[in-house]
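Reading through the structure tokens given below for one structure.
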Amino acid sequence: DAVVRIEGEGFADTLDLIDIGVYGSVAIPFVDEGWYTLYVDSPSMGKVSAITQVKTAVRFNTLSAFINDTGFDTLARVNYSLQDIAGKNYYMINVQHISAEEPPDPQDFLNPNVFIKLIEDQQENDGQEISESFNAIFRRDFIPGDTVMIQLANIDRQYFEFLQLRRDTRFNFSDFLGEPVNYPSNVAGGLGWFTLHFPDVRVLRVEE
């Protein structure tokens, strides 16, 4: 029952209801380093707001995905390179399996099973190319020809640290025995994290 709005420099847009709790728009004119404010007004749940800055976009230089047969699992091995932006930066790579169904399964996008790779650039390599390989450990039965969507985004330090904390505590057994984790939030009156970014989105087949 919420009215959800995003306001930026010289524009305002009311998001459309897509599904329960999911709102979206394709008309937000993102601007590099621009500031954006989210407003949510729900008669049943109250009001929240949050502010974020869109970081400068970054793109893959090279990208490929292959089957990595460990003898126990068949994982997707991702090889990538990107050009680091001068200055201190934080990057996020998301990898998710997507269905080849026509039309696509909405759950691929509304409730995705995503592997998140976090990258912090190093001062000694500032402004140089970053290249790496990693296993996307969120599915262990990939076969050649499976399709993955891989997204790269430049994100701010606070969101990077939020994702780090969530990743590091997700499978920590002490969570069941100790005090609850207090995740940081940039949402006034609510929980979670509001972020916007320009993703470089690639859809690849996982090769043998």
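Which of the residues spanning region 139-158 are open to solvent by 40 Å² or more (accessible area, probe 1.4 Å) and not in a strand (DSSP E or B)? Within region 139-158, 139, 140, 143, 144, 157, 158 qualify.
Taking first residues from region 159-186 that are in a loop (DSSP other than H, G, I, E, B) and surrounded by 10 or more Cβ atoms within 10 Å (Cβ to Cβ) and partners that are of a type in the set (D, E, K, R) and at pLDDT below 85, the Cβ contacts under 7 Å between residues at least 6 apart in sequence or on separate chains come to 181/175. Scanning region 28-49 for any residue that is assigned to a loop (DSSP other than H, G, I, E, B), in contact with a Gly (Cβ under 9 Å, 6 or more places away or on another chain) and surrounded by fewer than 12 Cβ atoms within 10 Å (Cβ to Cβ) turns up at least one such residue. Note on region 137-154: among residues that are aliphatic (A, V, I, L, M) and over 13 Å from residue 92 (Cα atoms), the one that is modelled with the lowest pLDDT is 137. The set of residues in region 14-55 that are small (Gly, Ala, Ser), under 15 Å from residue 187 (Cα atoms) and in contact with a strand residue (DSSP E or B) (Cβ under 6 Å, 6 or more places away or on another chain) comprises 49, 50. Restricting attention to region 65-77, which residues are open to solvent by 50 Å² or more (accessible area, probe 1.4 Å) and either closer than 16 Å to residue 185 by Cα or not in a loop (DSSP other than H, G, I, E, B) (or both)? Scanning region 65-77 gives 66, 69, 77. Residues considered: 177, 191, 163. Of these, the only one that is touching a strand residue (DSSP E or B) at 6+ places or on another chain (Cβ under 8 Å) and either among the hydrophobic types (A, V, I, L, M, F, W, C) or modelled with pLDDT under 75 (or both) is 163.
Here's the yes/no breakdown for (1) modelled with pLDDT of 95 or more; (2) loosely packed, with under 15 Cβ neighbours inside 10 Å; (3) under 21 Å from the mean Cα position of the chain (by Cα):
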{"site": "20", "(1), (2), (3)": "no, yes, yes"}
{"site": "51", "(1), (2), (3)": "yes, yes, yes"}
{"site": "63", "(1), (2), (3)": "yes, no, yes"}
{"site": "97", "(1), (2), (3)": "no, no, yes"}
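Working only within region 8-39, note down all residues that are touching a Ser or Thr at 6+ places or on another chain (Cβ under 7 Å) and either farther than 30 Å from residue 129 by Cβ or of a type in the set (Phe, Trp, Tyr) (or both). Hits for region 8-39 are 13, 15, 16, 36, 37, 38, 39. If you go through region 120-136 and pick out every residue that is surrounded by 15 or more Cβ atoms within 10 Å (Cβ to Cβ), over 16 Å from residue 90 (Cβ atoms) and not hydrophobic (A, V, I, L, M, F, W, C), you end up with 1.
The values are calculated or read from the model by the stated rules, or taken from the named source; none is laboratory data. Nothing here was measured: the structure is a model prediction, and the numbers come from that model. Here Cβ is always computed from backbone atoms with ideal geometry, including for glycine, and neighbour counts include all displayed protein chains. With ligands, DNA and RNA removed, areas are computed over all heavy atoms of the protein, side chains included. Shrake-Rupley method; radii C 1.70, N 1.55, O 1.52, S 1.80 Å.
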